[in-house]
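The values are calculated or read from the model by the stated rules, or taken from the named source; none is laboratory data. Being a predicted model, the structure only gives us computed values, none of them experimental. Here the Cβ positions follow ideal geometry from the backbone for every residue, glycine too, while neighbour counts run over all protein chains shown.
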Amino acid sequence: MKYLDLTLLQAFTAIVDSGSFTLAARYLCRTQSAVSMQLAKLEELTGRPLLRRDNRKIQLTEEGEVLLGYARRMIRLNEDALVAMDQPFAEGHVRLGLPDDYAEFFLPDVLVRFAHAYPRVQLEVIGALSGDLLDRVEAGTLDVALITRQPNRPTGKVLRRERLVWAGSRQRQVHQEAPLPLALFPEGCVFRAHALAALDAQAIPWRIAYTSQSFAGGKLAVSNGLALTVMAQSMVPSEWRTFGKEENLPALPEFEIALHRAAGTLPRAVKLLEEQLTECVSSKY
């Protein structure tokens, strides 16, 4: 009789949920080759191909779709059995706030790890400017927030220090335009304030060409060579480039990313999410 190994099923579901062998390996704390071997062993055991790659995109085969439902139920049943034996577990509803650009950079890793480790926790994600999110944490309407540390409110647990850089498309010399077109978050954003102060200090004329609460909105303008933006150096997309002294643009300061949590006694799920965020944000480069 054949038996399906839960570790093989966990590898399979991690690949499907993350859409990447690399991310699945990171979540499972294994090498990418080890995860590939686990999938190959599962395919050998079932006698069916479970995944296919199309233009580097991972897709389920028909057999893989069938097995995925069983895999999820078996993993959940395993958890239920442990709970029945009085093992500790987390459940509940956690409200997480973070700016849109941080969500794009950090959230995929956090969501994959957290969802697999604590499937009973419902995670609500709220996007807004850092100052607004800090207000919500202090008001108790958010449990946790990952934000840019506010110069006039230097609280929270600092997880990361970064340098701000000018970033734009490789395709156009938009930095040579005058006034300099910018794509920035709305008024109240720390990055915006640093960028405009630096330009004003060197008497460089500028204009706000695009304003968006969403990182995706500004990204569209920058990718098409219509404006420059400012962002964390490590978060610059590979298809963009950075600009600086050689392009006669002023240096930008460092900033800090801080974790805030609501006051009072919070559910265990909040502490577990804090741990995941701390590990991911402090170590990702």
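Which residue pairs have Cβ atoms under 8 Å apart, sit 6 or more places apart or on different chains, and have a first residue in the range 140-154 that is over 24 Å from residue 192 (Cβ atoms) and in the same structural domain as residue 124 (by TED's automatic domain parsing) and a second that is modelled with pLDDT under 90 and exposed (fewer than 13 other Cβ atoms within 10 Å of the Cβ)?
Qualifying pairs under 8 Å: 140/263; 140/264.
Just the residues that are in a loop (DSSP other than H, G, I, E, B) and either under 19 Å from residue 196 (Cβ atoms) or of a type in the set (A, V, I, L, M) (or both), please, taken from the range 207-236.
So in the range 207-236, the residues in a loop (DSSP other than H, G, I, E, B) come out as 212-214, 224-227, 236.
If the condition is that a residue be in a loop (DSSP other than H, G, I, E, B) and either under 19 Å from residue 196 (Cβ atoms) or of a type in the set (A, V, I, L, M) (or both), then 212, 213, 226, 227, 236 are the ones that fit.
Out of all the residues in the range 98-114, is one or more outside any helix (DSSP H, G or I), assigned by TED's automatic domain parsing to the domain that holds residue 149 and crowded, with 16+ Cβ neighbours inside 10 Å?
Initial filter on the range 98-114 (outside any helix (DSSP H, G or I)): 98-99.
Checking the rest, the ones that are also assigned by TED's automatic domain parsing to the domain that holds residue 149 come to 98-99.
When the remaining residues are screened for being crowded, with 16+ Cβ neighbours inside 10 Å, the result is 98-99.
So far as the range 98-114 goes, yes, one or more of its residues are outside any helix (DSSP H, G or I), assigned by TED's automatic domain parsing to the domain that holds residue 149 and crowded, with 16+ Cβ neighbours inside 10 Å.
Could you look through the range 200-218, keep only residues that are within 24 Å of the chain's Cα centre (by Cα) and touching a residue at least 40 places away in the same chain (Cβ under 8 Å), and pick out the one that is surrounded by the most Cβ atoms within 10 Å (Cβ to Cβ)? Step through it out loud before you land on a result.
If we filter the range 200-218 for residues that are within 24 Å of the chain's Cα centre (by Cα), which is where we start, we get 210-218.
Going one step further and asking which of them are touching a residue at least 40 places away in the same chain (Cβ under 8 Å), we end up with 213-216.
Values: 213: 15, 214: 14, 215: 21, 216: 10.
Going through the qualifying residues, I end up with 215.
Of all residues being modelled with pLDDT of 85 or more and in contact with a Leu (Cβ under 7 Å, 6 or more places away or on another chain) in the range 90-105, which is nearest to residue 79 (Cα to Cα)? Just the residue, please.
From the range 90-105, those modelled with pLDDT of 85 or more are 93-105; that's our starting set.
Right, trim to in contact with a Leu (Cβ under 7 Å, 6 or more places away or on another chain) and you get 94-99, 102.
Working: 94: 20, 95: 23, 96: 24, 97: 28, 98: 30, 99: 33, 102: 31 Å.
The qualifying residue nearest to residue 79 (Cα to Cα) is 94.
Considering only residues that are of a type in the set (Phe, Trp, Tyr) and modelled with pLDDT of 85 or more, which ones fall in the range 1-40?
From the range 1-40, those of a type in the set (Phe, Trp, Tyr) are 3, 12, 21, 27; that's our starting set.
If the condition is that a residue be of a type in the set (Phe, Trp, Tyr) and modelled with pLDDT of 85 or more, then 3, 12, 21 are the ones that fit.
Can you pull out every residue in the range 150-184 that is assigned to a strand (DSSP E or B) and polar (S, T, N, Q)?
In the first step, residues of the range 150-184 are kept if they are assigned to a strand (DSSP E or B); the result is 150, 153, 157-169, 180-184.
Those that are assigned to a strand (DSSP E or B) and polar (S, T, N, Q): 150, 169.
Yes or no: residue 242 in the same structural domain as residue 110 (by TED's automatic domain parsing), at pLDDT 90 or above, surrounded by fewer than 18 Cβ atoms within 10 Å (Cβ to Cβ) and of a type in the set (Val, Ile, Thr)? Walk me through how you get there before you give the answer.
On the way: in the same structural domain as residue 110 (by TED's automatic domain parsing): yes; at pLDDT 90 or above: yes; surrounded by fewer than 18 Cβ atoms within 10 Å (Cβ to Cβ): yes; of a type in the set (Val, Ile, Thr): yes.
Judged against the criteria, residue 242 is a match.
Output the residues belonging to the range 1-47 that are surrounded by fewer than 17 Cβ atoms within 10 Å (Cβ to Cβ), of a type in the set (D, E, K, R) and assigned to a helix (DSSP H, G or I).
The answer is 41, 44.
Within the range 116-145, how many residues turn out to be farther than 21 Å from residue 14 by Cα, under 17 Å from the mean Cα position of the chain (by Cα) and part of a helix (DSSP H, G or I)?
Residues meeting the conditions: 2.
Identify, please: which residue in the range 245-257 is part of a strand (DSSP E or B) and surrounded by 16 or more Cβ atoms within 10 Å (Cβ to Cβ) and is, among those, farthest from the chain's Cα centre (by Cα)?
Here is the first cut: in the range 245-257, the residues part of a strand (DSSP E or B) are 254-257.
Now restrict to residues that are surrounded by 16 or more Cβ atoms within 10 Å (Cβ to Cβ): 255-257.
Numbers: 255: 18, 256: 16, 257: 13 Å.
My answer is 255.
Answer yes if at least one residue in the range 108-116 is touching a helix residue (DSSP H, G or I) at 6+ places or on another chain (Cβ under 6 Å), modelled with pLDDT of 95 or more and within 27 Å of residue 252 (Cβ to Cβ), and no otherwise.
no
Which is part of a loop (DSSP other than H, G, I, E, B) and over 22 Å from the mean Cα position of the chain (by Cα), of 263, 193, 197?
263
Would you mind finding the one in 168, 131 that is of a type outside the set (Val, Ile, Thr), in contact with a strand residue (DSSP E or B) (Cβ under 7 Å, 6 or more places away or on another chain), over 30 Å from residue 25 (Cβ atoms) and surrounded by fewer than 19 Cβ atoms within 10 Å (Cβ to Cβ)?
On the way: 168 fails: surrounded by fewer than 19 Cβ atoms within 10 Å (Cβ to Cβ).
Result: 131 is the single residue among 168, 131 that is of a type outside the set (Val, Ile, Thr), in contact with a strand residue (DSSP E or B) (Cβ under 7 Å, 6 or more places away or on another chain), over 30 Å from residue 25 (Cβ atoms) and surrounded by fewer than 19 Cβ atoms within 10 Å (Cβ to Cβ).
Could you list, ordered by first residue, the pairs with Cβ atoms under 8 Å in which the first is in the range 45-60 and in the same structural domain as residue 15 (by TED's automatic domain parsing) and the second is part of a strand (DSSP E or B) and among the polar types (S, T, N, Q), at least 6 apart or interchain?
Listed by first residue and then by second, the contacts come to 51/59; 52/59; 53/59.
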